[in-house]
1. Name the residue, out of Arg158, Arg180, Arg132, Arg124, that is of a type outside the set (Asp, Glu) and more than 16 Å from the ligand (Cβ to nearest atom).
2. Does Val181 qualify as being modelled with pLDDT of 95 or more and out of contact with any Leu (no Cβ under 7 Å at 6 or more places or on another chain)?
3. With region 74-183 as the region, which helices (runs of 4 or more DSSP H) entirely inside it contain at least 1 residues that are under 27 Å from Leu57 (Cα atoms)?
4. Out of curiosity, is Gln58 farther than 23 Å from Tyr193 by Cβ and modelled with pLDDT under 95?
5. Sort out which residues of region 34-54 are more than 13 Å from the ligand (Cβ to nearest atom) and either in a helix (DSSP H, G or I) or touching a His at 6+ places or on another chain (Cβ under 6 Å) (or both), and write them in order of number.
6. Quick check on region 55-99: of everything there that is of a type outside the set (A, V, I, L, M) and in contact with a strand residue (DSSP E or B) (Cβ under 6 Å, 6 or more places away or on another chain), which residue is farthest from the ligand (Cβ to nearest atom)?
7. Suppose we filter region 130-164 for residues that are surrounded by fewer than 16 Cβ atoms within 10 Å (Cβ to Cβ) and over 17 Å from Lys16 (Cβ atoms); how many remain?
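The values are calculated or read from the model by the stated rules, or taken from the named source; none is laboratory data. Computed from a prediction, not measured in an experiment: that's the story for all the values here. Methodologically, a virtual Cβ is constructed for each residue, glycine included, from the backbone with ideal geometry; neighbour enumeration extends over all protein chains shown.
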Amino acid sequence: MASAALKLHEQKIQAKPFLKWAGGKGAILESIFDCFPQRFKGYHEPFVGGGAVFFGLQPKKAVLSDINAELINVYKTIRDDVDGLIRQLRRYKISEDDFYKVRARDPKRLSVVGSAARTVYLNRTCFNGLYRVNKKGKFNAPYGRYANPKVCNEENLRACSAALQDVEILHQNALEVTQRVSKGDLVYFDPPYDPISSTASFTSYTAQGFGRAEQEALAEVFATLARKKVHVVLSNSNTPFIRKLYKGFKIKEVFVRRAINSRADRRGPVSEVLVYA
Ligand SMILES: C[S@@+](CC[C@H](N)C(=O)[O-])C[C@H]1O[C@@H](n2cnc3c(N)ncnc32)[C@H](O)[C@@H]1O
């Protein structure tokens, strides 16, 4: 192999989120990292979603969690059986007919790897990559009609698998994070956002939703951890409600271009906040 090609080959491929996820943080990673301390012990991301911040940071010791069981199953499968997942993904066909057949399958009746492959397939082929479930927890986003969606990005799946090798992955409510966090750790919270207006609400990542009571409970968790000398950083929308909840902490405003919104006219830059202590 020529030396330049060899060098490229030897370079570690930077893992990127393997799913499209509403609220992905890829575009504002630098602003988020500016709020992180230089040094910390363990890293925790209790609303991991697409994991853009984790994959951007790739900390040595990490615990990732989310309340979405199907999502957590994908993370575990990528960590523990990426070959099995790739084998299954290669078998999927891309057509509207196939999409609705796969969507109709009950993930609970599939194998662990089969269910993970179904989630990745639906995510890559559905409308806007919008992971949406109805009140019964059934995935209900429509077909996306993309010309050539990349269902199986083998290279990236393997890079993600390598990044996840020593990571603890939990199916857990974020409000329980206090139990496992110690002084000197870093916790990055990216909860479902407080809606900017009543029509802008997008809170259906899970059947449970995340309303004002949950935002208040989360602010309590944030304050408790800050008191325990845990480094805490949180993203949310820039609303009076959120500013009031986190009064007394440092707050930085950032502007984000949001790609996932069902209405094209709402895809302009929106103002968000980063709260940190
Ligand atoms: C804004 S998204 C996270 C986006 C992610 N950081 C990224 O870069 O793609 C919010 C996530 O919180 C999860 N979630 C909602 N309620 C939760 C709860 N009570 N506990 C833990 N996770 C929750 C959702 O399943 C979703 O994945």
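1. None of the other options fit; the residue is Arg158.
2. Against the criterion (modelled with pLDDT of 95 or more and out of contact with any Leu (no Cβ under 7 Å at 6 or more places or on another chain)), Val181 does not qualify.
3. Here the list reads 82-91, 112-125, 154-164.
4. yes
5. Of everything in region 34-54, those that are more than 13 Å from the ligand (Cβ to nearest atom) and either in a helix (DSSP H, G or I) or touching a His at 6+ places or on another chain (Cβ under 6 Å) (or both) turn out to be Asp34, Pro37, Phe40.
6. Glu96
7. Result for region 130-164: 11.
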